[in-house]
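Participant: Pasting in a structure now, in structure tokens, and then I'll have a few things to ask.
Quick note: the coordinates plus some simple rules give every number you see, no bench work behind them. This one's a predicted model, so the numbers in the text were calculated from it and none came from an experiment. Note: ideal-geometry Cβ built from the backbone for every residue, glycine included; neighbour counts use all protein chains shown.
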Amino acid sequence: MTVIHDAVKKLKERLEGSGCDDGVVSLWITTDVPICQYPKGVCLEAVYGGRTAEMVTTTPFEGKTKISFLYGAPLKKQMTRAAAAAIINVVTGFACISRKLHSCSPSDRMECQALLTRFYDNGKIYVVGDLSVIPDLFRNRIVEKPEDADIIFIAGDGFVTDEGIAIQKDFLLTKEIVYLGPSTAGTASLLGLKHWCPFGR
């Protein structure tokens, strides 16, 4: 089981009896919206019930599917996990469980960086995946192994890669894991995980 499987299980519980399970979610790549500054990739936009939410990934899946597709799905591939994360993001937004569906405005990025460095001003940091900005913001504090870190940052693709899944499984209870940006917001909201996105919309 993964963090995403746990989020799917929690989502199923929250939606039980609502009829939302039969709703169709559309997934497509969109290039005309600003995306979170931290992860690298393209914006996989999920649409459900008039709401939209983003997931930044390098393995987007376009198509339509029912929410119930998630229930019991093995989610063994990065592409299906990215799709699942996008679906979780938009459905939790629709259900008012999560409030961070989209990236902040580019004008908020510098303040976000400043707040992040101020809030996490101590400890060694491990970065999951290919993140922009973070290595420069926390220069001389980045470590090469997660077991050496005090804090682990996860955003976008790092959330759904094999490495990211393994790190979350191994360290969720023993390390401070911080989920960054809208891509991880739905799962973090469902499971009560530490989430950073002060200006997301």
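Participant: Treating the beta-carbon of each Lys and Arg as +1 and of each Asp and Glu as -1, no other charges, what is the dipole magnitude of the chain about its Cα centre, to the nearest 20 debye? Don't jump to the answer; show the numbers that get you there.
Facilitator: Details: 23 positive and 23 negative charges, 64 e Å.
The calculation lands at about 300 debye.
Participant: Another question, if that's okay. Return one quarter of the surface area of the convex hull spanned by the alpha-carbon atoms of the range 44-153, equal to its mean projected area, in nm². Present the calculation step by step, with values, prior to reporting the outcome.
Facilitator: Values: hull surface 35.0 nm².
So the mean shadow area of the Cα hull is 8.7 nm².
Participant: Which number do you get for Rg(Cα) / (2.2 N^0.38 Å) in the range 116-161?
Facilitator: 1.06
Participant: Also, I was wondering about something else. In the chain, with Lys and Arg counted as +1 and Asp and Glu as -1 at Cβ, which of these residues, Ser103, Val25, Leu115, has the Cα nearest the positive end of the dipole, that is, farthest along it?
Facilitator: Of the candidates, Val25 comes out farthest on the positive side.
Participant: Suppose only helical runs count, i.e. DSSP H with n ≥ 4. What mean residue ellipticity at 222 nm does that imply for the chain under -39500 (n - 2.57) per run, divided by all residues and rounded to the nearest 500 deg cm²/dmol? Can you show the working numbers first?
Facilitator: Details: 6 runs with 62 residues, N = 201.
Calculated mean residue ellipticity at 222 nm is -9000 deg cm²/dmol.
Participant: Follow-up. Considering every pair of different Cα atoms, what Kirkwood radius, in Å, is found for the chain?
Facilitator: Values: mean 1/r = 0.0598 Å⁻¹.
Taking every pair of different Cα atoms in the chain, averaging 1/r and inverting gives 16.7 Å.
Participant: Which chymotrypsin sites (Phe, Trp or Tyr not before Pro) in the range 101-201 pass both tests, a DSSP loop state and at most 16 other beta-carbon atoms within 10 Å? Don't skip to the end; give the middle numbers.
Facilitator: Working: sites: Phe119, Tyr120, Tyr126, Phe138, Phe153, Phe159, Phe171, Tyr179, Trp196, Phe199; in loops: Tyr120, Phe138, Phe199.
Of the chymotrypsin sites (Phe, Trp or Tyr not before Pro), the ones in loops of the range 101-201 whose Cβ has at most 16 other Cβ atoms within 10 Å are Phe199.
Participant: Could I ask something else about it? Let me check I've understood the local charge: for Ala185, count other residues with C-beta under 10 angstrom from its C-beta, Lys and Arg +1, Asp and Glu -1. What total comes out?
Facilitator: +1
Participant: Once amide H atoms are built 1.01 Å from N in the peptide plane, which residues 5 or more positions from Glu176, or in another chain, come under 5 Å H to H?
Facilitator: Those qualifying (amide H under 5 Å, at least 5 residues apart or on another chain) are Ile152.
Participant: Enumerate the amide H contacts of His102 below 5 Å, restricted to partners 5 or more residues apart or on another chain; note that Pro and chain-start residues carry no placed amide H.
Facilitator: Result for His102 returns Arg201.
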